[in-house]
Amino acid sequence: MIGLLLIYFIGKYFADLAEKFYKPKWLYAILGIVIYYAGTFIFGLLLGVIQLLSNTDFLTGIPDIFLGLIALPFGLFCCWLTHFILKRIWEKKARSEEPEILDQL
């Protein structure tokens, strides 16, 4: 249930940004959700590589729910970073497309 709420708010976060800059909001809502899952997946891979390189079994005794909770902040960080980058790019593009007041005189 909490996972569905998280997906909803991530999608809404990206859809609101896309709507503000007149982009297709469903596309960017889905992109935000995909970015979240990709971020948690990459973090899981990094944990696996660390376990292999350190030659320990620190992940074998941890329940799956705790691994999901450990990966959650990394997925949220990837979403925030993507949102930040998109917002900066679109704001910069919108500023460059605004007509200058002096050009109209």
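Worth a mention:
- Evaluated against (1) assigned to a helix (DSSP H, G or I); (2) open to solvent by less than 70 Å² (accessible area, probe 1.4 Å), THR56 falls short on exactly one condition, (1).
- The single residue among TRP80, TRP90 that is open to solvent by 100 Å² or more (accessible area, probe 1.4 Å) and of a type outside the set (Asp, Glu) turns out to be TRP80.
- Verdict on LEU47 being outside any helix (DSSP H, G or I), open to solvent by less than 60 Å² (accessible area, probe 1.4 Å), free of Cβ contacts under 8 Å to residues at least 40 places away in the same chain and not small (Gly, Ala, Ser): no
- Residues satisfying the stated conditions in the stretch 1-30, i.e. touching a helix residue (DSSP H, G or I) at 6+ places or on another chain (Cβ under 6 Å) and open to solvent by 40 Å² or more (accessible area, probe 1.4 Å): ILE7, GLU19, LYS25, TYR28
- Within the stretch 87-101, residues that are closer than 25 Å to TYR13 by Cα have Cβ atoms under 7 Å from residues that are open to solvent by less than 90 Å² (accessible area, probe 1.4 Å) and at pLDDT 85 or above in these pairs: LYS87/LEU17; TRP90/PHE21; ALA94/PHE21, counting only partners at least 6 apart in sequence or on another chain.
The values are calculated or read from the model by the stated rules, or taken from the named source; none is laboratory data. For clarity, every value in this text was computed on a predicted model and none was experimentally measured. As a convention, Cβ positions derive from the backbone with ideal geometry for all residues, glycine included, and neighbour counts pool all protein chains shown. In case anyone asks, the SASA skips ligands and DNA or RNA and just uses the protein heavy atoms, side chains included. Shrake-Rupley method; radii C 1.70, N 1.55, O 1.52, S 1.80 Å.
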